[in-house]
Amino acid sequence: MEHRHGFLRMFRARSWIKLVNEHVLRRHTPVAQERHRTMPARPRCVSVAFEPPGGRAEMAAGTTILAAAHSLGIELASACRGQGTCGRCRVNVVLGTVGSPSDSERAQLSVDELDAGTRLACQARVESDVRIDIPPDSLATTQRLQLEGEELDVELDPPVVALDVTLTPPALDDLRADASRLLEALEPGDLQIALPVLVELPERLRAEGWSARVAIHRPLAELLAVRPSGSPLLGLAVDLGTTKLAAYLVDLESGKTLARAGAMNPQIAHGEDVVSRIAYANTGAAARRTLHDLVVGAVDRLAGELCTEPAAIADCVVVGNTAMHHLFAGLPVRQLGEAPYVAAVSGALEIHTADVGLGFAPGATLYIPPLIAGYVGADHVAVLLATRTDQATGTVLALDIGTNTEISLTHGGRLWTCSTASGPAFEGAHISAGMRAAPGAIERVHYRDGSFFVQTVDNRPAIGICGSGILDAVAEALRAGIIDARGALARSHPAVAQKDGQAACVIVPAALAGHRRDVAFTRADVGEIQLAKAAIRAGTDLLLAAAGIGISDLDAVVVAGAFGTYLDVRSAIRIGLLPDIPAERFRQLGNAAGAGARQLLLSRVRRRAAVKVAQRAQYLELTTHPGFADAFAEATKF
């Protein structure tokens, strides 16, 4: 794990040491000491970081959390306009110290809530650097979540099917048990009835007049639910991303997607990336349980949004990277954070939803596809299925770009894959003006005739910049000569200004911004993009080397994931993130992992294919690859 993130840490460590050294030298010269004695004391500043939707503000100590949020353009629900009477602006203080609860907070929040760190943003005043988690209900505007995705035709052959049955009621001359009566009517051979179904079976059969619809899992030969006659049989497909969750409600009989919903992954409060969450989980069983409960609760809430009766959901498919897979299933993750980074289990899991705490049909099943390696999980298997990359006869590169980016290469009937720690920069994190793709986020940038032109989410006044926007901004600045091949800003360029003692390229001036401050990027921001794109490009180049081919041999490049959908391919090629091949060879998909999860709900054939893909893939572990360091260093250049 240390090697995997060594370059990122080295870059930040060197920058930090340089700043500290300069600060110490300035403070200890005679002139500086005299100035320090005579100058009036300035208000102490603290950092206020929000997750989600992302953003960090430097504020004077004593500022309310609501004021800090407003300074970043984050709109919290506050019907009482900050008087502390509506209770709508609830937030969770994850790290740091805030002032004592006000009388209004004590009236609105329970003792348990206050003890757990819940506060009213309009009342709580920051006293130190803090990290704040904003529950979805407290946001007045929502972040755009990627729910689309190609739905490819798949042979309708779901593992879970519905059968209608009418039974003869018991009588004095027919004293068969309810379960025996049902099983004999179905004539299923060795069919078993799940215990939770047995618990409600007598009442259900009598309430329905001895006519019912049953859900049967064919491979497991198990009866999962007893429903009213004619009621729909539903399935839920979930893409469990590190940052975002996407859920799809599917009719198992018709194969149609009935509804879809998305949410931020609430685990973000305990780390933006899987490495941070593994470290948190390793602090104890309670921490691991917290991460498990957070994500299971989020899936339950999404199911409730999509379906008025979650008990109608008889089958569920969940895909995610290996760390998310383990945390969701309640498996230990310590071994994922230590070399050689192996999973606790890699085969497909077929269990009951109740085993992880989901509240669906009494005997509902949960299918989690197999994993490829410690950092290539079930979500990438789903991507390969959805894009048919597993069946490609040509040479196809597939990238699922996110906080962790999985890359696969198909060539000559073989399949290679790897994972790169690309970090959260493409989600807008660790960028000085960065934010997630919420209203007002710059998502497109173009430089023409000495000026930047931008497009924002929902066409709101710009308040920050999200992943696709910062990628465009760097690419356009590179094209215009505002930054050089090393990523340094040209201080003499008219677009570059001095801000807080450092050079910054101003994209939107304060007069046009929604929060009346310049929206700009710095050299450090460019460095974050260099690190992220270098990790991805190094992985790509090493897969090509393993196959013994070059960039020109690629027949197609498939780019999946939320960021992959919105990025401008021309900008990605310009900075070296994607290989420089003709534009017609690229396919940008939406949530391919979600599409693959839906296929797995509807087809036993695709489930068998998932197992074959995982077994066939040849995994490259980049942390020990002898060429990774050189490939990474070379890829940092523009």
message: Condition first: in a loop (DSSP other than H, G, I, E, B), more than 30 Å from ARG213 (Cα to Cα) and not aliphatic (A, V, I, L, M). Now tell me which residues in the stretch 369-388 satisfy that.
response: PRO370, GLY374, TYR375, GLY377, THR387, ARG388
field: So ALA497, is it touching a strand residue (DSSP E or B) at 6+ places or on another chain (Cβ under 8 Å), modelled with pLDDT of 90 or more and not in a helix (DSSP H, G or I)
entry: yes
- prompt: Of everything in the stretch 558-574 that's surrounded by fewer than 22 Cβ atoms within 10 Å (Cβ to Cβ) and β-branched (Val, Ile, Thr), which residue is farthest from GLN455 (Cα to Cα)?
  reply: ILE573
Of all residues in the stretch 329-368 being surrounded by fewer than 23 Cβ atoms within 10 Å (Cβ to Cβ) and either among the polar types (S, T, N, Q) or part of a helix (DSSP H, G or I) (or both), the one that is nearest to the chain's Cα centre (by Cα): ALA329
- request: Kindly establish whether PRO370 is closer than 26 Å to VAL345 by Cβ and in contact (Cβ under 8 Å) with a residue 60 or more places away in the chain.
  value: yes
Subset of the stretch 575-604 (residues that are part of a helix (DSSP H, G or I) and either modelled with pLDDT of 95 or more or under 25 Å from the mean Cα position of the chain (by Cα) (or both)): ALA592, ALA593, GLY594, ALA595, GLY596, ALA597, ARG598, GLN599, LEU600, LEU601, LEU602, ARG604
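Residues are listed down the side, and each one gets a yes or a no for (1) farther than 24 Å from ARG604 by Cα; (2) buried (at least 18 other Cβ atoms within 10 Å of the Cβ):
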position: SER180; (1), (2): yes, no
position: LEU186; (1), (2): no, no
position: LEU195; (1), (2): yes, no
position: GLU203; (1), (2): yes, no
position: ALA215; (1), (2): no, yes
task: Collect the residues in the stretch 301-320 that are closer than 27 Å to VAL376 by Cβ and not in a helix (DSSP H, G or I), keeping them in residue-number order.
output: ASP315, CYS316, VAL317, VAL318, VAL319, GLY320
message: For the stretch 96-111, which positions are modelled with pLDDT under 90 and within 31 Å of the chain's Cα centre (by Cα)?
response: none
- prompt: Restricting attention to the stretch 295-313, does a residue exist that is touching a residue at least 40 places away in the same chain (Cβ under 8 Å), surrounded by fewer than 18 Cβ atoms within 10 Å (Cβ to Cβ), touching a strand residue (DSSP E or B) at 6+ places or on another chain (Cβ under 6 Å) and more than 30 Å from GLN615 (Cα to Cα)?
  reply: yes
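Limited to the stretch 524-573, what total is found for residues that are part of a helix (DSSP H, G or I) and free of Cβ contacts under 8 Å to residues at least 40 places away in the same chain?
Counting residues in the stretch 524-573 that are part of a helix (DSSP H, G or I) and free of Cβ contacts under 8 Å to residues at least 40 places away in the same chain gives 4.
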message: Need the failing condition index for SER451 against (1) of a type outside the set (D, E, K, R); (2) touching a residue at least 12 places away in the same chain (Cβ under 8 Å); (3) not assigned by TED's automatic domain parsing to the domain that holds ILE278, just the number.
response: (2)
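The values are calculated or read from the model by the stated rules, or taken from the named source; none is laboratory data. What you are looking at is a predicted structure, and each value in this text was computed from that prediction instead of being measured. Ideal geometry is used to build each Cβ from the backbone, glycine not excepted, and the neighbour counts take in all protein chains shown.
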